[in-house]
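Input: a single structure, listed below in structure tokens.
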Amino acid sequence: MTKKQLGIFLTVVFVLLAALIVGIVLTDGLYEKDVNIQESMQDAVLHEGDKVYFFGMTVNPGLISAYLVTGIILLFAALVRIFVIPHFKTIPGKFQLVLEEAVGLFDNMAKTNSPHRNNFLGAYIFAAAAYIFVGTLFELVGFPWQSAAGMSVTLPAPLSDINGAISLGCLSYLVILVGGILSNRFRGLGRTLKEFSLPISMSFRLFGALLSGLLVSELVYSYLTLSFVLPVLVGVLFTVMHALVQAYVLATLTALIYGEVTEPYVKKPKQAKKHQSKSEVKA
Amino acid sequence: MPLNIDWQQILLHLLNFVILFAGLWLLLYKPVRKFMNERRQKYEKMDADAQKKTAEAEESRAEYERKLAEADAEIEQKRADARKELDRYETMRKNAAEEEASSIVAAARESAAREKERALSDARGEIAGLVTEATEKLVLKESASEAYDSFLDAAERAEKKDGGNA
């Protein structure tokens, strides 16, 4: 056995022993956290116990998160606008390429799904996707805030607040409705109203997806034995994946339905009825 | 409201998103898309220019080939004309040579006829001289008039004989 092989062997043995000792200690009932998980999860959904003040109004912490996320995104956009965009090159660098890919992805999505009217749509789904993505990742930061009761609360993702999800879902529906009316007048209005379940489905899809990640995280953090290593995996699964998937899903759905309601109406040609004589029928 | 739904907070969320949308559109989306569109237009223009130049080059090549074909045809035409001219000239020379040869032959024949006539005349003269000389010699024996008469008779007979043969 060479020195290198001996080193590897000893390292593996040491890691195994350490893991076993940690496991034995943590599975002792002494280290179980005595919390009411039902109350914890109910607070995560309803925010009854962790309201915060916002310009004198008592609001859910998700609203503070929303404004912070908007501030972060706009600050980033302003810095990019001032320092990066004026120095754009014809052959892009890495950061320029990322920006162009992000803008190009939603611009192309808008053009593909709604070829007749897409200027506003591209900008809207870009903003919505950026908001969902950054807002979902925001909960990984665990930004602390003082609640109305004077307790410290961790700011959640803006869309894990049902009001935030409803606002984005309804706004997307409103954008589709306005696009439909501008393109096809009453026909566009009718087409949009036909999709009456869309605001509810969009809102609750966002809320459910974001909330499920939050609840699982709460569940994991509630037990000390699960709070080692596992939160990293759970955080990646329920935060990063949701950030990408929900941003893409809302953008795609909005673009798709916007394209359907803004599609110009084409009158179908009437098929001429064939009058057959009795002799022709017999033949 | 159930599920902690609050209209005021929904409106606050909407206001937040509208601010975000307006800011992102003005600060990021619009300038980046404008840059991308300008770059695409630039490359499309370059592509169109290249295609136009290729088309022009193709047109020039076709024009050159057409002119080349026309020049070949013209050269062939001129060659045919030259050949035709040469043939005509050869024919003309041949005819002229034949005419000259005919005239030479005719002149030669005429000259020969004249020579023959002259030779005959000379021969007659010589014969007459000989006859005269022979007559003079005969006169020594006979009278000159008789001899002369007999000579004329003899010559007449000879002429008749020649005329009958002819």
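The values are calculated or read from the model by the stated rules, or taken from the named source; none is laboratory data. Since the structure is predicted, the reported quantities are computational estimates derived from the model, not experimental observations. A quick note on method: Cβ atoms are made from the backbone with ideal geometry, for glycine too, and the neighbour counts reach across all protein chains shown. All accessible areas refer to the heavy atoms of the entire protein, side chains included, with ligands and DNA or RNA removed. Shrake-Rupley method; radii C 1.70, N 1.55, O 1.52, S 1.80 Å.
Couple of notes before you dig in:
One line per residue, one yes/no per condition, for (1) open to solvent by less than 20 Å² (accessible area, probe 1.4 Å); (2) of a type in the set (S, T, N, Q):
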position	(1), (2)
A:Leu121	yes, no
A:Phe133	no, no
A:Val141	no, no
A:Thr154	no, yes
A:Ala157	yes, no
A:Gly164	yes, no
A:Leu177	no, no
A:Leu182	no, no
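- Checking A:Ser147 against (1) within 12 Å of chain B (Cβ to nearest Cβ); (2) among the polar types (S, T, N, Q); (3) over 25 Å from A:Val236 (Cα atoms), the condition it does not meet: (1)
- Within segment A:63-111, restricting attention to residues that are small (Gly, Ala, Ser) and touching a residue at least 24 places away in the same chain (Cβ under 8 Å), the residue that is surrounded by the fewest Cβ atoms within 10 Å (Cβ to Cβ) is A:Ala102.
- Against the test of being modelled with pLDDT of 85 or more, within 14 Å of chain B (Cβ to nearest Cβ) and either closer than 30 Å to A:Phe54 by Cα or open to solvent by less than 10 Å² (accessible area, probe 1.4 Å) (or both), the options A:Ser172, A:Ser203 yield a single qualifying residue, A:Ser172.
- Filter result for B:Glu56 (out of contact with any strand residue (DSSP E or B) (no Cβ under 6 Å at 6 or more places or on another chain), acidic (Asp, Glu) and open to solvent by less than 100 Å² (accessible area, probe 1.4 Å)): yes
- Hits in segment A:52-62 (condition: open to solvent by less than 50 Å² (accessible area, probe 1.4 Å) and either in contact (Cβ under 8 Å) with a residue 24 or more places away in the chain or β-branched (Val, Ile, Thr) (or both)): A:Val52, A:Val59, A:Asn60, A:Pro61, A:Gly62
- Filter pass, B:Glu65 being in a helix (DSSP H, G or I) and more than 14 Å from chain A (Cβ to nearest Cβ): yes
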